[in-house]
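Q: Below you will find the structure I want to go over with you.
The values are calculated or read from the model by the stated rules, or taken from the named source; none is laboratory data. Here the structure is a predicted model, which is why all the values come from computation and not from measurement. All Cβ positions, even for glycine, are placed from backbone atoms using ideal geometry, and neighbour counts span all protein chains on display. Note: accessible area is taken over every heavy atom of the protein model, side chains too, but ligands, DNA and RNA are not part of it. Shrake-Rupley method; radii C 1.70, N 1.55, O 1.52, S 1.80 Å.
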Amino acid sequence: MATFAHPPVSVTKSPTPSCATDSPYHSIVQGAQGTLMDKVEKDVGHVVNALEAIWNEVGYSGEERRLQMDKLSDELTQTLRAKLAQEVEVRDVFKKDIEAKVAECELLARSIDDDGTGGLPEGLDVSRLRLSHGLMKLEEEQAALEAKTASRRQAFADVWAALSAAAARLGEPLPADCAEVGRVDLTAARL
């Protein structure tokens with residue numbers, strides 16, 4: 001018979017979560033757990049009684065009934081583990097998305113980093129936030145950084161246009177590859 005006491009290693013991909021009571025929704029989960037346990041107990045009781053009636057009619061032996069109950073228990077455990085694995089996967093997708101957003105924000109911040117600090121804007125640390133809130137905050141920061149880099153790219157384009165016009169008046173055209181500013185260095189010093 002299967003037990004659910006220790007989930008398989010493949011299900012626990014990340015460190016053990018913090019204490020369950022640290023969530024503002026802990027009481028909701030606790031209430032739902034009680035309701036779920038009652039419902040599962042009633043549903044299992046109903047199914048077991050129905051199975052017993054069927055097995056009586058079919059004529060299963062005691063050993064056959066035990067094997068069927070073990071199989072039912074294993075199937076219930078597998079369903080619970082599948083649900084856990086599904087939620088672990090959701091969490092891990094959030095973590096990967098956060099890592100990607102942090103990397104993108106760092107790239108954008110460094111590209112317009114006029115003072116040479118090279119990181120995310122001060123005070124933006126999502127490690128203490130819930131994953132969904134952290135991702136949302138990083139998306140907001142990314143949008144702000146993208147607006148700043150777009151403005152800076154426009155400033156480069158304006159300088160390029162002025163230089164091109166001046167070079168044309170002098171009869172000395174600028175190489176076309178100078179127009180591409182890229183994404184890495186949009187600092188005021190380069191401008």
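Q: Under 8 Å between Cβ atoms, at least 6 apart or on separate chains: pull out the pairs that start in the stretch 76-103 with a residue that is closer than 23 Å to Val44 by Cα and end on any residue that is assigned to a helix (DSSP H, G or I) and of a type outside the set (D, E, K, R).
A: Listed pairs, sorted by first residue: Leu76/Val44.
Q: Out of Glu99, Glu106, Glu146, which single residue is surrounded by fewer than 14 Cβ atoms within 10 Å (Cβ to Cβ), of a type in the set (D, E, K, R) and in contact with a Leu (Cβ under 7 Å, 6 or more places away or on another chain)?
A: Of the residues listed, the single one that is surrounded by fewer than 14 Cβ atoms within 10 Å (Cβ to Cβ), of a type in the set (D, E, K, R) and in contact with a Leu (Cβ under 7 Å, 6 or more places away or on another chain) is Glu146.
Q: Only one of Arg128, Arg81 is exposed (fewer than 12 other Cβ atoms within 10 Å of the Cβ) and closer than 30 Å to Ser23 by Cα; which?
A: Criteria check complete, one pass: Arg128.
Q: Please verify whether the stretch 121-133 includes one or more residues that are in contact (Cβ under 8 Å) with a residue 40 or more places away in the chain and not aromatic (Phe, Trp, Tyr).
A: Yes, the conditions are met somewhere in the stretch 121-133.
Q: Of the residues Leu145, Leu131, Leu174, Leu138, which single one is in contact with a helix residue (DSSP H, G or I) (Cβ under 9 Å, 6 or more places away or on another chain) and modelled with pLDDT under 85?
A: Step by step, each of Leu145, Leu131, Leu174, Leu138 is checked, and only Leu174 is in contact with a helix residue (DSSP H, G or I) (Cβ under 9 Å, 6 or more places away or on another chain) and modelled with pLDDT under 85.
Q: I've got another one for you. Of the residues Glu141, Glu89, which single one is under 27 Å from the mean Cα position of the chain (by Cα) and open to solvent by 60 Å² or more (accessible area, probe 1.4 Å)?
A: The conditions single out Glu89.
Q: Could you list, in sequence order, the residues of the stretch 36-60 that are among the aliphatic types (A, V, I, L, M) and either open to solvent by less than 60 Å² (accessible area, probe 1.4 Å) or modelled with pLDDT of 95 or more (or both)?
A: Val44, Val47, Val48, Ala50, Leu51, Ala53, Ile54, Val58
Q: Answer yes or no as to whether Leu76 is touching a Phe, Trp or Tyr at 6+ places or on another chain (Cβ under 9 Å) and part of a helix (DSSP H, G or I).
A: Considered against the rule, which asks whether it is touching a Phe, Trp or Tyr at 6+ places or on another chain (Cβ under 9 Å) and part of a helix (DSSP H, G or I), Leu76 comes out as yes.
Q: Which condition number does Val90 fail, the rest of (1) at pLDDT 85 or above; (2) of a type in the set (Val, Ile, Thr); (3) not in a helix (DSSP H, G or I) being met?
A: Only one criterion in (1) at pLDDT 85 or above; (2) of a type in the set (Val, Ile, Thr); (3) not in a helix (DSSP H, G or I) is unmet by Val90, namely (3).
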